[in-house]
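First the structure, in the form of structure tokens, and then the observations on it.
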Amino acid sequence: MKVIICGAGQVGWQIARHLASEKNDVTIVDSDQDLVSRATDTLDVKGVSGFASYPNVLKNAGAEDADMIIAATHSDEVNMVTCQVAHSIFDIPRKIARLRSQSYLDAIYADLYRRDHLPIDVVISPELEVAEAALKRLSSPNAFESETFLNNQAQLLGLHIEDNCPVVNTPLRQLTDLFSTLRVIVVGVRRQGILFAPNAGDQLFCSDEVYLMCHSSDTNRTLDVFGKSEGEQNRIILIGGGNVGLRIAKSLEDSENRVRTKIIEKNRVTAELAASSLERTIVLHGDGLDSGLLEEANVAKTDTIMAVTDDDKTNMLAAVRAKSRGCKKAIALINDPTMSPLMEPLGIDAYINPRSTTVSSILRHIRHGKVKNVYSIGDAEAEVIEAQVMSTSPIAGSRIGDIDFPEGVIVGGILKNDDMVKPSSQSKIEEGDIIALFVLSKDIPEVERLLQVTIDYF
């Protein structure tokens, strides 16, 4: 497939890396020559320097025979015009645009993106994606990673293994014997910086990071088994009342649980807007790093603080200060992925990477066919792929134990007749089943072959 990616920032670069590794013909476009050079020097991609919305630039990028264009520059307007040019002049079949401004995303303006108006097939909103990711983190604050699959019946959890973990030094095959009714599978382990798919004889050790796939109704019990029991989240403080913080607060107000939420926002205008938009949430105007203000917000009796400003350092320092003042859990929004190794030494319990959430969202839409969801893990180290089994698939009608999956693949869950079941070697995969697979990046092409989901979508 021939793909043009407009924008060579973190999102564009990560998407280019994913697609290039799968042997697609990728061209990346950016007005910054240095970013283009970085992409072409490190990835198997072509590069074009120039403004993505200019027809001659797109022509130089190969738009005349491109299958897809992904507009992920820093400007909403450039992304929109790029998709219009791609449609009107070059007739590119599939167009994806990243849009940040809330005004462009309001449902009442949905007709804007019709093919006879502004032809964009898929609109990706980073702020919406981040807010949803934040809410999932809040649902399991003891997990550093959380995502749902299989019609929300399966939950992926990322957990740090500590000394109090009851199953430490226990072979994984014994977990089924010890907890026979617990629907959970360990699908991935990161040890000393290396991510791998474990086998039944592997043990979990202190300081490991593990990825689990469990039934959503078994989440609390799973957390107990792995030494991560958690109480209810009744009191939450949000540092930052911008678009992301406001979305999170509104969702918490609409939830069935009566969560007491407070927002601390430094900008007066933004704070006043948040206060007028919310009903039950208390909005405090001031600096989230101010110890006196944190005490006024009663941080010592707060279950979780979530720092979601647009500044990484502010988020990290606010999280650290809140923990030092007695807050039980701290979650920070971190844009720079190189900051992630600092989270554990600083005592920050979990972080949200907007780039990663946006990349996962885009991958979800470019893997066509029967692939329903894609979630990127770590620094493009692995993916969780949710897909429906087709009749033409080599795995249809086979037992899991008889399927020649690569070593880096583990079946995390199967949805049969709208009911999630825990897979075993004897589980039979049938046409129409939806399966959730943990896949190391190197094994993605083979998984796509087994699923009969090709990259050539058109």
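Here, each number is a calculation from the coordinates, and none is a lab measurement. Keep in mind it's a predicted model, so treat the numbers as computed, not measured. Cβ coordinates were reconstructed from backbone atoms using ideal geometry, including for glycine residues, and neighbour counts include every protein chain displayed.
Can you give the alpha-carbon Rg of the stretch 182-319 over 2.2 N^0.38 Å, where N counts its residues?
Details: Rg = 18.8 Å, N = 138, 2.2 N^0.38 = 14.3 Å.
So the Cα radius of gyration is 1.31 times the expected 2.2 N^0.38 Å.
What distance in nm separates the simple spin-label points at Thr392 and Asn234, each placed 7 Å from Cα in the Cβ direction?
5.7 nm
Looking at the calculated P(r) for the stretch 381-458, what percent of the C-alpha pair distances fall above 19 Å?
Working: 842 of 3003 pairs.
Taking all Cα-Cα pairs of the stretch 381-458, the fraction more than 19 Å apart is 28 percent.
For the stretch 136-234, restrict the atom set to alpha-carbon positions and state the Rg and Dmax in Å.
12.7, 40
Rounding to the nearest 20 debye, state how big the charge dipole of the chain is about its Cα centre with +1 on each Lys and Arg Cβ and -1 on each Asp and Glu Cβ.
On the way: 47 positive and 65 negative charges, 124 e Å.
The dipole magnitude comes to about 600 debye.
Give me Rg/Rg_expected for the stretch 279-353, where Rg uses Cα atoms only and Rg_expected = 2.2 N^0.38 Å with N residues. Present the calculation step by step, with values, prior to reporting the outcome.
Values: Rg = 12.0 Å, N = 75, 2.2 N^0.38 = 11.3 Å.
Taking N as the residue count of the stretch 279-353, the ratio is 1.06.
Sorted from largest down, give the three principal axis spans of the alpha carbons of the stretch 313-458, whole angstrom values.
56, 34, 28 Å, listed from the longest principal axis down.
How are the Cα pair distances of the stretch 69-221 distributed, in percent, across 5 Å bins from 0?
2, 8, 14, 15, 11, 9, 9, 9, 9, 7, 5, 2, 0
Give me Rg/Rg_expected for the stretch 1-71, where Rg uses Cα atoms only and Rg_expected = 2.2 N^0.38 Å with N residues.
Computed over Cα atoms of the stretch 1-71, the ratio equals 0.94.
Rg and Dmax of the stretch 2-124, using alpha carbons, in Å: what are they?
So, for the stretch 2-124, Rg and Dmax equal 13.6, 44 Å respectively.
Send over the Kirkwood Rh of the stretch 216-292, from the inverse of the averaged 1/r over different Cα pairs, rounded to one decimal Å.
Numbers: mean 1/r = 0.0724 Å⁻¹.
When all Cα pairs of the stretch 216-292 are included, the Kirkwood radius is 13.8 Å.
Step through the table entries Lys228/Lys372; Lys23/Lys95; Lys136/Lys416; Lys372/Lys422; Lys23/Lys416; Lys250/Lys328, compare each Cα-Cα distance with 28 Å, and write down the pairs that go over it.
Pairs exceeding the cut-off: Lys228/Lys372; Lys23/Lys416.
Just from its helices, what would the mean residue ellipticity at 222 nm be for the chain, if runs of 4 or more DSSP H residues each count -39500 (n - 2.57) and the sum is divided by every residue, rounded to the nearest 500 deg cm²/dmol?
Details: 15 runs with 138 residues, N = 458.
Using -39500 (n - 2.57) per qualifying helix, the result is -8500 deg cm²/dmol.
Per the Kirkwood treatment, what hydrodynamic radius in Å, one decimal, follows for the chain from the mean inverse distance over all distinct Cα pairs? Write down the numbers at each step before the final one.
Working: mean 1/r = 0.0429 Å⁻¹.
Every distinct Cα pair counted, the radius reaches 23.3 Å.
Taking every DSSP beta bridge with both residues inside the chain, roughly what % is antiparallel (nearest 5)? Display every interim value, and only then the final one.
Details: 46 of 86 bridges.
Antiparallel: roughly 55 percent of the beta bridges in the chain.
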